[in-house]
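To start, the structure under review is shown below, and the notes come after it.
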Amino acid sequence: MPTLWVDADACPKVARDIIVRAAERTTTPAWFVANHTIPLPPSKWVKSLSVSHGFDAADNEIVARLEKGDLLISSDLPLALEAIDKGAAVMTTRGEILDKNNIRARVQMRDFMETLRSSGEHTGGPKGYSDGDRREFANALDRWLAHQKKEGRSKR
């Protein structure tokens, strides 16, 4: 079974709780990586890794440990691009799948919006995390884990 890697610095608590329950239910290793301590319940399957406070320290640690076939849960597009290049699957905490078909366009749009903001344009921030986002994420994670379990059985 692949490992779940969570970019925990910006992961909403409700998404973190969904990941913990899913990891326990499916006996899937899940690592929450952040530059601060993440409160997690005691678990054989769920672990946290606190890294230094340097710029992108958590991202760099995730990329170093990530293996082909693992799942990264993050909305950090540059991190997602690196993970996809390593052969990992990527999902946002809103349940969006990022892959080779959509990541470059998303990174370009992010860079464009950053350019607008740096020129003084007010572009607004991301919308709040809704109940719909929570449901979409939980369903997408369940589908991904079920697919991995099915793939694991078919390779035996």
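The values are calculated or read from the model by the stated rules, or taken from the named source; none is laboratory data. Keep in mind the model is a prediction, meaning the values are calculated, not measured. Note: ideal-geometry Cβ built from the backbone for every residue, glycine included; neighbour counts use all protein chains shown.
Side notes on the structure shown:
- Checking each residue in the stretch 22-38 for being farther than 21 Å from E61 by Cβ and surrounded by 15 or more Cβ atoms within 10 Å (Cβ to Cβ) picks out A22, E24, T26.
- One residue from D17, D85 being of a type outside the set (V, I, T), out of contact with any Asp or Glu (no Cβ under 9 Å at 6 or more places or on another chain) and under 29 Å from Q108 (Cβ atoms): D85
- Among the residues here, K150 does not qualify as at pLDDT below 90 and outside any helix (DSSP H, G or I).
- Verdict on S48 being part of a strand (DSSP E or B), hydroxyl-bearing (S, T, Y) and more than 16 Å from D142 (Cβ to Cβ): yes
- Residue in the stretch 41-71 that is farthest from A83 (Cα to Cα), counting only those that are touching a Phe, Trp or Tyr at 6+ places or on another chain (Cβ under 9 Å) and surrounded by fewer than 16 Cβ atoms within 10 Å (Cβ to Cβ): K47
- Note on the stretch 27-42: residues that are closer than 20 Å to T92 by Cβ, at pLDDT 95 or above and not in a strand (DSSP E or B) amount to 1.
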